[in-house]
Amino acid sequence: TSSSSQILVDTKSGTNAYHGTVWDYFRNDAMDANVYDEPAGQKQKLQQNIYGYSFGGPVQIPGLYNMDRKQHTFFFASGEWWSKSLGSNATGWVITQAMRQGNFATGDPYFPGSLSLSPLGQSLLAAEGRTNCIASPTTLNPSCIDPGALAIVNAYMPLDNVSNNTNYNYINTDPVPFHQFDEDYRIDQNFGSKHTLTGRFMYEEANNSYPNTVNPNGFGSPYPEVSSSIYTTGLNFLVRLTSTFTPTFINTAAISATFDKPRLHASPSPIPTGVTINQYFPNANYLQSIPNMYIYGYANMGPGAFPINASDGEKILNDDFTKVHGKHILQAGGFYMAGIKNQIPGNLIEGIDYFTGVFTGDFAADYLLGLNGFYNQQATNPHYTV
């Protein structure tokens, strides 16, 4: 067994002399060795810089204030920038050009071996004047392929760029850029030798940009036609009074607050020109995006569950005292904390179509014929859209 421990973290303060630093931490794939499982000459791309500064000292007004012993007011400031571009390998299956023309003989990893059309599928297509849609056990009649489905797949799903691979036929190697900025400011004011008032402000911005849609609620995709970003801002401030009433009695009172705003967004995914999509709640789709097209076995086409926005915060009031008595230390205190969280949990306001293979036995064939297994859409706009 072991006793409990305490971890105290505090920012650096200024001193009665001026001190500063600057730095740059640099990495590049040209200086990296190959990862053990990477083929020679195929290192993952990497460009990274972390640079910043820090500076602190006494606050002085020449001839007027804090020029004698430099023991009254101190400041400290720092900033750090992080710029990074990292290669990625996002993989998945895409519908090949031959499949888009009706030929399923090769290229479909989920092809059951023979296409067939269910009675319900036949009646749905016949109601639109489409008949004889299965030209052969491996071929769709090109005249039956839904023009809207074809327009969407041509606009939002790339063609295959990998062959002879049983795990995927498409890979997206575009880099993932990341940028972050942090700044910290602190000032300390001594009132005599017993009381010190500290004020601190910290702010951060972080932005991840992806050449595809990341994976909120299972709707990620390797396709570059819809990109995404995660942008977060956060701030923290503190005001603290430390009082040393006697060498054995110290009291600390503070008020602090922390706020952050993560924003997860996708690039626009407008409905292609000439395509009409009937939706349960057309007014809910205020972004006028295509519905998410989820073809089983393939990645999602569409914006996923974006946008997701949040605003979180906590405020804390606390007071602690320490009393030393002989060989004993008595510590006590209390705090009050209030928090708030306001978030869109990821609405599917543009709707989502699921293509399950229930009509033809093949997921992609169902999609190309415009026969979705089921459809879902949220009825209203999110209540929080900052």
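The values are calculated or read from the model by the stated rules, or taken from the named source; none is laboratory data. Predicted, not measured: the structure shown is a model, and the values here were computed from it. In this analysis, Cβ positions are derived from the backbone assuming ideal geometry, glycine residues included, and neighbour counts consider all displayed protein chains. To get the accessible areas, we keep the full protein, side chains included, count just its heavy atoms, and leave off ligands, DNA and RNA. Shrake-Rupley method; radii C 1.70, N 1.55, O 1.52, S 1.80 Å.
Just the residues that are part of a loop (DSSP other than H, G, I, E, B), of a type in the set (V, I, T) and closer than 30 Å to P307 by Cα, please, taken from region 223-248.
Scanning region 223-248 gives a single hit, V226.
If I filter region 131-144 down to residues being farther than 16 Å from G361 by Cα and touching a residue at least 40 places away in the same chain (Cβ under 8 Å), which single residue comes out as most open to solvent (accessible area, probe 1.4 Å)?
Across region 131-144, the extreme among qualifying residues is P142.
Please work out which residue is nearest to T166 (Cα to Cα), limiting yourself to region 105-130 and to residues that are open to solvent by 80 Å² or more (accessible area, probe 1.4 Å) and without any contact (Cβ under 8 Å) to a residue 24 or more places away in the chain.
Per the criteria, the residue is T106.
Per-residue answers, yes or no, for (1) over 31 Å from the mean Cα position of the chain (by Cα); (2) on the phi < 0 side of the Ramachandran plot:
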position: N132; (1), (2): yes, no
position: A135; (1), (2): yes, yes
position: N154; (1), (2): no, yes
position: L159; (1), (2): no, yes
position: F178; (1), (2): no, yes
position: R186; (1), (2): no, yes
position: A206; (1), (2): no, yes
position: Y223; (1), (2): no, yes
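Taking the residues in region 74-108 that are closer than 30 Å to W23 by Cβ and of a type outside the set (G, A, S) as candidates, determine which candidate is modelled with the lowest pLDDT.
Once the filter is applied, the top-ranked residue is L86.
Go through the residues of region 194-207 one by one and say whether even a single one is within 20 Å of I308 (Cα to Cα) and open to solvent by less than 40 Å² (accessible area, probe 1.4 Å).
Yes, the conditions are met somewhere in region 194-207.
State which residue pairs qualify: first residue touching a residue at least 24 places away in the same chain (Cβ under 8 Å) and inside region 194-215, second residue aliphatic (A, V, I, L, M) and exposed (fewer than 15 other Cβ atoms within 10 Å of the Cβ) in any location, beta carbons under 6 Å apart, and separation of 6 or more residues or different chains.
Correct list of pairs: G199/V239.
Just to be sure I understand the filter: pairs with C-beta atoms under 7 Å, separated by 6 or more residues or on different chains, first member in region 13-31 and on the phi < 0 side of the Ramachandran plot, second member basic (K, R). Which pairs pass?
S13/R186; N16/K70; D29/K43; D29/K45
Just one of (1) open to solvent by 70 Å² or more (accessible area, probe 1.4 Å); (2) in contact with a Ser or Thr (Cβ under 8 Å, 6 or more places away or on another chain) trips up Y280, so point out which.
(2)
Within region 294-386, considering only strands (runs of 3 or more DSSP E) that don't extend past its boundaries, which have at least 1 residues that are of a type in the set (K, R)?
308-325, 328-343
Can you tell me which of (1) more than 30 Å from F249 (Cα to Cα); (2) under 28 Å from the mean Cα position of the chain (by Cα) is the one T360 doesn't meet?
Against the list (1) more than 30 Å from F249 (Cα to Cα); (2) under 28 Å from the mean Cα position of the chain (by Cα), T360 comes up short only on (2).
I'm trying to understand the selection: among the residues of region 283-298, which are over 17 Å from Q378 (Cβ atoms), open to solvent by less than 70 Å² (accessible area, probe 1.4 Å) and of a type in the set (F, W, Y)?
Y298
Which residue out of L64, L46 is at pLDDT 80 or above and either within 26 Å of S229 (Cβ to Cβ) or in contact with a Ser or Thr (Cβ under 8 Å, 6 or more places away or on another chain) (or both)?
Sole residue among the options that is at pLDDT 80 or above and either within 26 Å of S229 (Cβ to Cβ) or in contact with a Ser or Thr (Cβ under 8 Å, 6 or more places away or on another chain) (or both): L46.
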